[in-house]
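The values are calculated or read from the model by the stated rules, or taken from the named source; none is laboratory data. Everything numeric here is computed off the predicted structure, so don't read it as measured data. Positions of Cβ are backbone-derived with ideal geometry, glycine not excepted, and every protein chain shown enters the neighbour counts.
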Amino acid sequence: MRITYQGADMKLNSKGQVTIPAELRARHNLHEGDEVDVIEEGGALRIVRASDAETRGRRLVRHMRGRGSAREVESMSTDDLMDLLRGE
């Protein structure tokens, strides 16, 4: 299956996945790990944010909880902090 969005070809892969273009993800504030629902309406499919999904902020807080103390953070470089926030 091929889908076109403003000249960008998107293809359904063998696992039934399609990549949402970065422009659309940014416009609709979608981020890696966000939960979405696919809804069938009148012969078309709609992708919508799952209403009961955990927000990105809550996921970050859950991920960071218990990971360090204020003293540890004070001694970290900006790069170290960014790596920690990104889960690297």
- Item | Total residues in region 1-26, condition over 15 Å from LEU45 (Cβ atoms), small (Gly, Ala, Ser) and either modelled with pLDDT of 85 or more or not in a loop (DSSP other than H, G, I, E, B) (or both) | 4
- Query: Does GLY68 count as surrounded by 10 or more Cβ atoms within 10 Å (Cβ to Cβ) and modelled with pLDDT under 85?
  - Reply: yes
